[in-house]
Every structure is written in C-alpha cells, then in structure tokens.
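Heads up, the thing below is written out as structure tokens.
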Amino acid sequence: MKFSELGLSESLLKAIKRSGYEEATPIQEQTIPMVLDGQDVIGQAQTGTGKTAAFGLPIIEHVDTKDPDIQAIVISPTRELAIQTQEELYRLGKDKHVRVQVVYGGADIRRQIKSLKQHPQILVGTPGRLRDHLHRHTVKLDNIKTLVLDEADEMLNMGFLEDIEAIIKQTPADRQTLLFSATMPPEIKNIGVKFMTDPKMVRIKAKELTTDLVDQYYVRAKDYEKFDIMTRLIDVQDPALTIVFGRTKRRVDELSKGLIARGYNAAGIHGDLSQDQRTKIMRQFKNGQLDILVATDVAARGLDISGVTHVYNYDIPSDPDSYVHRIGRTGRAGHHGVSLTFVTPNEMDYLHEIEKLTRVRMLPLKPPTAEEAFRGQVATAFNDIDELIAQDSTDRYKDAAAKLLETHDAVDLVAALLNNMTKEAASEVPVKITPERPLPRRNRHNHQRGRNGNSGHYRRHDGHGRRHGYRSNGHRSDNHGKSHSSRHAFNIRHRKDD
Ligand code: ADP
Ligand code: MG
C-alpha cells in the first residue's frame, strides 16, 4: 500500500520519500491508521519490518510544534536501539521541525539535561536513564499524549518491567499506549491488560523466519580450524560488509585482533566496551570505513545496519532464535545476503534444530584451499585495479610510471603491486584463538520442536541459478565498493610515503 493512502500529511510524505520508502510495510499499513485514530495498539512483526516508522509516523503527525512539552515518549531497551530510533524519528520529522531527543545510560547526564532544556517534543530513552531523569525532575511526562514500549520482548528479557512501570506511573492516565515487539511472550499480554486501554492487536505473521534472500551455508570444522577457514572464505567470497558473531566477549576480542593481524579491516563490539567506543565502531561500520564487525549476540541485537552482505557465525548459536536474529542482519530491503555457520562435528544437532525452526536446509560448503583463497585475493585486486585506473587523478604519475618502466620489467612491477594489494597467506600470520567449550551434546530424546512444528518440507535455496556466495560483487553497494578500493589505494600511498 502507498503511504499516501494512510492519512499522513504532506511534510511526512516528503520525508518518507526522501528516506527511499516506496510502500508501507504490512505492520505500517495496519497500525498507522489505528495509531492516527488514537487507539492503543499492540504490534508484533519480525525484526526489520519497519516498526519504528509504524509508530513514529503517526506520532510525528500528531506533534504540535508550538507546544514545548514532551508529547511522546519512546522507551527502548538498549542505548544503540534508542539512538537508532531517535535518528529515524528525527529524519522523518525534519520537514515538520519536530525536536526529537534521546537519553541513555553511560553518557554524561549533565549534557543530556542541557539538551533537554531545548524542549524536545519526542523523547526516546532507555528505562534506567529515563527513571533517573524523572527522579531529578529533568524530564516531565505530565503532558505526554503517547507512550511507546518499543522492542517490548527485549525489555522484558532484560528485566526492565519495574522501571517501565515506574515511568508509566508518571504519565497521564488518558495517554495513548503503544507496544511493539518482534515476539509475543505471554508477559507482554499482561502489560497490555495492565497498562493499556482496549488495545488492538496487530500481528504480522512471519511467512518465513529467514528470508529467501539469504543463502544459508554451513561449514563443518573443528574448533581450531575455524579461523583459518574463515579468513580463506573471506578472501574467496570478498564480502562488502560482514558481521562475525562470536559466542563470548573473549572470542570477539580474539577474532577481531586475529582479523586485524591478517590485514582485514575489522573491529569488535561487546558489552565491556565503553559507550563511546561502541558508538564509534558502529558509526565506522555504517559508513563503510570498517569492513568486518565482530560482535556478541547481545551487542548486535536489533541493530539496523543496511548493506550487510555476509553474516559469519563463527560459533553456532545454542538457541535457534538467536540464529534467526543474527541472519536477520543481512538480506534486508531486497538485497541479497549470505550466511555461513561454522559447526563442529558434535554440534550438528544444533544445526538441525535451527533448520527445523527456519525450515530451510543449510547447504554444506567445502572450506576453500589456500590456493583458492589466493586466487580470490588476486581476483579482488583485479577489481580494485580497474577502479583505481578509472580514477582520473593518475595523470600526474604518468612520467614517473614511464621512468619506472625503463628500469623495471613490467611484469615485475605489476607482480609487486599485486603483492602489495593482497594479504599474506594465512599460514604466514598464525592466529591462535582460545578454544571455547563446545556446546553440550543435545539429548536426542529431548529435542525441542521448532516453533512451526517439524512436519513441513524444507525450502531449498539452491534453485535460483545463483551459485551461492562466491564473489557476490554484483550486490555490493557503490559506497562499500568505493571504501574497499580506497583502502587499497591508501595502502599503496602509505608505503611510498614511509
Ligand atoms: P523493526 O523495528 O521492525 O526491527 P526498523 O523500524 O528498525 O524495524 O526498520 C528496519 C529498516 O527498514 C530501517 O532501516 C528502516 O529505515 C527501513 N524501513 C522502514 N519502513 C520502510 C519502508 N516502508 N520501506 C523501506 N524501508 C523501510
Ligand atoms: Mg524496532
């Protein structure tokens, strides 16, 4: 359905168009009219289906820009999600000049207090920090019209119920209450009963838990083999933007250090990093300045990063739902993605559990040989050379180039360039990753059934004429392609300047 049929005003339609949204998603189509109408709504739809705009657009529509009071509050489980939501609401409300602010823990509260004095009309915040501000009377919710519990399942998982109740108590009883969630555990219905007035339920059934746009592979390997196989796979698949999931913080640290040691542009995020460090890394990743983000499940939960082409599950998740969350980072908005899951021989049951839930059979992938990895690197270098030559700023090097060709053989020169542009063989840079205890063997008689039961047929992913993820260049966004080549360009210059 078109956004113009939903009863939104011109300035919002403009912002929607600028955001590149062509059609409303199902959750948006169904909830926007109800929210505009002032009703309480419980909306459930998978991650990545546009729930932010589903509540954000009607809220922005209702904002009175002449009223300096906070008119809507959005409670968000994590700092990252709060920031992301603030950014989206700001973007959508820009034409209407709506002020949207965000508050979260781990950041300087005085600075937040100062910006709160600019009278935001929409406030996004994490539960603890919001409570803190209410306590200090630096946030007043007496006049809010709408309260949103976003990612409600996540907030309950994180034990925020008490904070949420405390915040709700400070809001007018006749407010509109909205609740959005990816899943619908029974506790959520309790919230509906307790804090909402005759809430309307909108549930968008997930037709498929994982999208057809993601080709899902697995590699069977022993724990100590995984790192070398992963870097070879990266060389062969040449991903534009990758997330690597590790099971523990230590894993994330060691994997990101190991990737950097082998010349990849990687960084890791997990809960032990400061908020500043995490924000910085996320920004670099979103801008394409970073090719590989290594993360724990918790650190990456719900993050909306567009353009992720590859998800590598360095460790298979013990819980099939986590797998679905992880894979949901790619194959978004119509783009094609690849996921690759490492499985140690005694973890195969976990793989089957995942397949039961997603009803998609993962395809086995043979680890590339060192030779294949090398050829992959050279192929990448070829692409980058095409891009480097296409840049028209090379004219002033032409004399120098001619001189070099007088004293050196052309093949020697190009071989040296290729050597510079490619990484050293994995075997030259040994990386040791501390073994993690493998997942406990599953009891065969105690298998959990997948959510959808296990009677159905698996969909297979190999019938699209797309032979899996090797060289997914065609799907690279311009942006990331550019950053890729400029990285090499930088390397070359760097050497020269030394
Ligand atoms: P959810 O909260 O359901 O996980 P988000 O609100 O974070 O999902 O949206 C996921 C991504 O989809 C965001 O990048 C958002 O900008 C984008 N998006 C939202 N609505 C649309 C739409 N109608 N068309 C295209 N993209 C959209
Ligand atoms: Mg969301």
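The values are calculated or read from the model by the stated rules, or taken from the named source; none is laboratory data. This structure is a prediction, so every number in the text was calculated from the model and none was measured. Neighbour counts are summed over all protein chains in view; Cβ atoms, including those assigned to glycine, are modelled from backbone coordinates with ideal geometry. Calculation scope for accessible area: heavy atoms of the full protein, side chains included, ligands and nucleic acids excluded. Shrake-Rupley method; radii C 1.70, N 1.55, O 1.52, S 1.80 Å.
Can you give the local net charge around GLU23? Use residues other than it whose beta-carbon is closer than 11 angstrom to its beta-carbon, Lys and Arg +1, Asp and Glu -1.
That works out to -2.
Of the cross-linked pairs LYS140/LYS205; LYS200/LYS249; LYS189/LYS249; LYS66/LYS194; LYS94/LYS249; LYS114/LYS145, which ones have a Cα-Cα span greater than 30 Å in the structure shown?
Exceeds cut-off: LYS140/LYS205; LYS200/LYS249; LYS189/LYS249; LYS66/LYS194; LYS94/LYS249.
Ranked highest first by the average count of other Cβ atoms within 10 Å around their residues, in what order do 125-132, 219-226, 19-26 fall?
125-132, 219-226, 19-26
For the ranges 263-275, 107-119, what's the packing order if you count other beta-carbon atoms within 10 Å of each residue, average per peptide, and put the highest first?
Result, highest mean Cβ count within 10 Å first: 263-275, 107-119.
Sort 428-434, 189-195 for me by packing, meaning the mean count of neighbouring Cβ atoms within 10 Å per residue, highest on top.
Details: 428-434: 12.3, 189-195: 15.4.
Ranking, from highest mean packing down: 189-195, 428-434.
Ignoring ligands, DNA and RNA, what accessible area per residue does the stretch 19-61 give at 1.4 Å, in Å²? List each step's numbers first, then the result.
On the way: 1420 Å² over 43 residues.
Normalised by residue count, the accessible surface of the stretch 19-61 is 33 Å².
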